[in-house]
Amino acid sequence: MLVRTAKGTKDIRSLWMEKGVVKAIDQRLLPNQFKIVSIRTVKEMADAISDMTIRGAPSIGAAGAYGMALAWQRKQDLTKASVTLVKTRPTAHDLSYAVNLMLERCDEDLVREADAYADRIVNMCKRIGENGAKLIKNGSRILTHCNAGALATVDFGTALAPIRVAHRDGKDVFVYVDETRPRLQGAKLTAWELLNEGIDHAIISDNAAGHYMKDSVDLVIVGADRIAKNGDFANKIGTYTKAVLAKENWVPFYVAAPISTFDPSTGTGKGIVIEERSEDEVLCVGDFRVAPKGSRALNPCFDVTPAKYVTGFVTEKGILKPNDISSFAKSP
């Protein structure tokens, strides 16, 4: 991804391995501070995934692969390491897939295997961008939810990949960026990526999406954390609302994700485990509590959108209809 710094613009991934240490952009600090953290142990990697230093399904998958590489190079128990890593974020399919893949290849050099896995994710995202850009016309107005850009996918993005390609091809595009409560990944991360890329955009409150979808949005593109065999999918909380609004207003609704996000072992959305996060994310803004003392909060991290609301899935293999995906619901 393009990152503008005081020293100029550079192209960087959201995480990589260097001299036996995993380096990652600390996504919690953006957009106010750009910081690279060093991760040396499985526990540190599990903590980075759990506290959302690293987030986004494909990036979490790469983090899981690198976490296994850290255990491998220290000659630690790989099965134990896999359990520690997988339980950090139960909803995203990429994490368990990547960790299990490293387990299967435990006789290989897992540092090299993890690098290869991250490279495959990036290449898949580039193809998602090329396939999805065909949906975007000059002058298109696109709504996104959460962050499904390079930060969430090692590089390039899923939902943002078609937008990047369209922009680089010279198309005039405008992006409505859902703020994405309660952690504001849209306002903090998607807007930061679009600003660095020079793509015209505006941040909107989550509950303004319906207002703009009535007559201003041409299409919706979101990412996914797990896609069931029937096309139901889990994504950041609030996605289901956007899908219903899109159908009501005849706005095409697309899900951009690599095939590694499709879970052949989950038949429908009812089988997807939904992660619950801390109440404080809802009750507080930063360190300041905005809710009355004594009130509690419910904080599901994801919701499940039924396949009937999906116009198509933008993948590295092309654009698939929900009833087409059962034959593709396998890991690459």
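Computed from the coordinates by the stated procedures, all read-outs in this text should not be read as laboratory data. A quick note: this is a predicted structure, and the numbers were derived from the prediction, not measured. Cβ atoms come from the backbone with ideal geometry, glycine included; neighbour counts cover every protein chain shown.
For the stretch 131-327, relative contact order (Cα pairs under 8 Å, six or more residues apart, normalised by length) works out to 21 percent. Quotient of the Cα radius of gyration of the stretch 2-122 and 2.2 N^0.38 Å, N being its number of residues: 1.02.
Rounded, prolate or oblate, given the Cα gyration tensor of the stretch 131-327, with a/c below 1.5 counting as rounded? Cα axes put the stretch 131-327 in the oblate bin. Per-residue packing, averaged as other Cβ atoms within 10 Å, sorts the ranges 83-96, 166-179, 196-209 into the order 83-96, 166-179, 196-209, beginning with the highest. Charged neighbours of residue 206, selected by a Cβ distance under 10 Å, balance to 0 (K, R count +1; D, E count -1).
Exposure proxy shown here: for 54, 12, 237, the number of other Cβ atoms within 10 Å sets the order, fewest to most, as 12, 237, 54. Simple spin-label estimate for residue 280 and residue 130 gives 4.6 nm between the two label positions (7 Å along the Cα-to-Cβ direction from each Cα).
Entry for the chain at q = 0.08 Å⁻¹: log10 I(q)/I(0) = -0.34, Debye formula applied to identical alpha-carbon scatterers, no solvent contribution. Of the peptides 60-71, 288-299, the ranking by mean beta-carbon count within 10 Å, highest at the top, reads 60-71, 288-299.
Close amide-amide hydrogen proximity is noted between residue 181 and 206, each under 5 Å apart and 5 or more residues distant or on a separate chain (H modeled in the peptide plane; Pro and chain starts excluded).
Considering helices alone, the calculated mean residue ellipticity of the chain at 222 nm is -9500 deg cm²/dmol, with DSSP H runs of length four and up weighted by -39500 (n - 2.57) and normalised per residue. Listed by Cβ neighbour count within 10 Å, with the fewest neighbours leading, 108, 316 appear as 108, 316. Across the chain, C-alpha contacts under 8 Å between residues 6 or more apart give a mean separation that, scaled by the residue count, equals a relative contact order of 16 percent. Dipole check for the chain: with +1 at the C-beta of Lys and Arg, -1 at the C-beta of Asp and Glu, and the Cα centre as origin, the magnitude is about 100 Debye.
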